[in-house]
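Data first, discussion second: the structure below is written as structure tokens.
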Amino acid sequence: MTGLDRLALGVLLPGFAGPVVSPGVAALLEDGLAGVCLFGSNTSTGPDAAARFTASVRAVSPDVVLAVDEEGGDVTRLHAHAGSPVLGAAALGRVDDVSLTQATARAIGAELAAAGITLVLGPVADVNSNPDNPVIGTRSFGADPDLVARHVAAAVAGFRETGVEACAKHFPGHGDTSQDSHLELPRLESTLDELRARELVPFAAAVEAGAAAVMTSHLLVTSLDPAAPATLSPSVLGLLHDELGFDGVVVSDALDMAGASADRGIPAAAVAALVAGCDLLCLGADLDPALVEAVRDGIVEAVTSGELDEARLVDAAEKVRRLVRPAPAGSTVSLDPLRQLAGARLALEIEGALPSLENALVARVETAPSIAVGAVPWGLPAELVVHPADPSLVAGFLHAAGSRPVVLQVRDAHRHDTVRALLDRLPGNAVVLEFGWPGDRTSVHPRICTFGASIPSRDAAAEALRERGWTG
């Protein structure tokens, strides 16, 4: 193990299968691995599992970054078994009470601190200006840059109050895209002036609020660099320093995503990200330690060949060390479920007049979640689950409904042609219960929009149904 090997490990943030630290992971930690990002296999049974995992990491290497995607709402790692107990960004943005957003972030941060986590990969600072966006949607505070900016700042403040550092994402802004960078390379066609007026506004607020880190996105900003995704583009990442004055840690989005590494492989993407200005490289989930070693070796080889300046690697590793914190102290902050439910009620939007829902058939349309959200429970208990592309299941659902009122639960219905076609076949006494980003109204039926699938959003939706006679 050379000093250069240790430097290379000192900029890597992989995720490993849990729930315990394997010998191979322990060896990497002993050799200087910068940190670990927790994913579902580390947190599958809840916050206690996360705490045990972080403790096992710290037992090997106390001075590490421990990070997690815990955005609240639809994206939760600590509550993947039941759903998030706090409102997500879209619901918070709709309420537009920055004190509620700050309190929500404070509650998330307190739970993360108790689990030994030091860096939250949030808040989402993307302006969801494209309603067809398949990966941001309800993870965003909204479509207005000033609204998003004030809630991003409030969230950063709330996290920092608990000793957990915040990482605003996904720079320079993933909201005006219609592709998922987990699966392909999206294009952002905004000019520099448009970026300044919309995408960069919330990131400027995050920097002003003291965010310790900013995460990049894997998308082409065609006006600045038509060849390389933002994570790998010095021209795009230069905006962080030149436009926003950011001198904190630049974190790459996961380099196993197709938008970053499909054409070059993860080790080459890691080198290119460092050259472009990233400091801490998120590699992905459930990785084999051998892959992390291959990335380390690729970075060392790039320094040896002159492709990567050693001074750049030293600078990145020094910045990452600024993120190292002792395990956050216990906090007296606790979640206020009643305030969360009150916020969910305010966020709820009811379009049209709801019919009587006595003896209603409650069904759920099953569409694949984005990789960022994953298989987290959503919606109210359903008598039927409908796969809209299966004609026999659709026919069975419509037959089961008969003359009963119908409540059909959907997510992002406007983005799925098969769901839209199903809505056109609903009986007249049906209600659409939209748990995703509403988009354009997709049918003539009354619609309830929750702006997210958190537990309080579900509870608020259930209240609205009960007011019309549903007894579930």
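What follows is calculated from the coordinates using simple rules that are stated; it is not laboratory data. Because the structure is a prediction, the values reported are computed rather than measured. Counting neighbours? That spans all protein chains shown, and the Cβs are built from the backbone with ideal geometry, glycine included.
Key figures for this structure:
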| read-out | value |
| --- | --- |
| The range 55-75 versus the range 243-279: alpha-carbon centroid distance in Å | 20 Å |
| Where only alpha carbons of the range 356-412 are counted, the Rg and the Dmax (Å) | 12.3, 38 |
| In order through the range 47-55: 3J(HN,Hα) via Karplus (6.51 cos²θ - 1.76 cosθ + 1.60), integer Hz, x for Gly, Pro | x, 5, 5, 4, 5, 5, 5, 5, 5 |
| Note, ³J(HN,Hα) from phi for the range 98-104, Karplus 6.51, -1.76, 1.60, rounded to Hz, x at Gly and Pro | 5, 5, 5, 4, 5, 5, 5 |
| Rg [Å, one decimal], Dmax [Å, integer] - the chain, C-alpha atoms | 22.4, 74 |
| Bridge type composition, the range 348-466 - antiparallel percent by DSSP, nearest 5 | 15 percent |
| Considering only the chain, percent of DSSP beta bridges that pair antiparallel, nearest 5 | 10 percent |
| Cα centroid of the range 104-177 to Cα centroid of the range 424-456, whole Å | 25 Å |
| Difference of contour (0.36 nm per residue) and Cα-Cα distance, A290 to N359 | 19.2 nm |
| V406 long-range amide H proximity, modeled H, under 5 Å | L361, A430, V431 |
| Loop trypsin sites (Lys or Arg not before Pro), the range 248-343, which have at most 15 other Cβ atoms in a 10 Å radius of their Cβ (DSSP) | R264 |
| Per principal axis, descending, Cα span of the range 348-466 in whole Å | 37, 30, 25 |
| The range 120-171: projected area of the alpha-carbon convex hull, averaged over directions, in nm² | 3.4 nm² |
| Label zone at L346, where the point sits 7 Å out along the Cα-to-Cβ direction: the range 120-158 residues whose backbone N lies under 11 Å | none |
| Residues whose placed amide H lies under 5 Å from that of G35, excluding near-sequence neighbours | L12, V65 |
| For H387, distant residues with modelled amide H under 5 Å away | E366 |
| On Cα atoms only, tilt of 337-347 relative to the major axis of the chain in degrees | 70 degrees |
| Order of V300, V36 - criterion: other Cβ atoms within 10 Å of each residue's Cβ, fewest first | V300, V36 |
| ³J(HN,Hα), Karplus 6.51/-1.76/1.60, whole Hz, each residue of the range 116-126, x for Gly, Pro | x, 8, 10, 9, 9, 7, x, x, 6, 9, 6 |
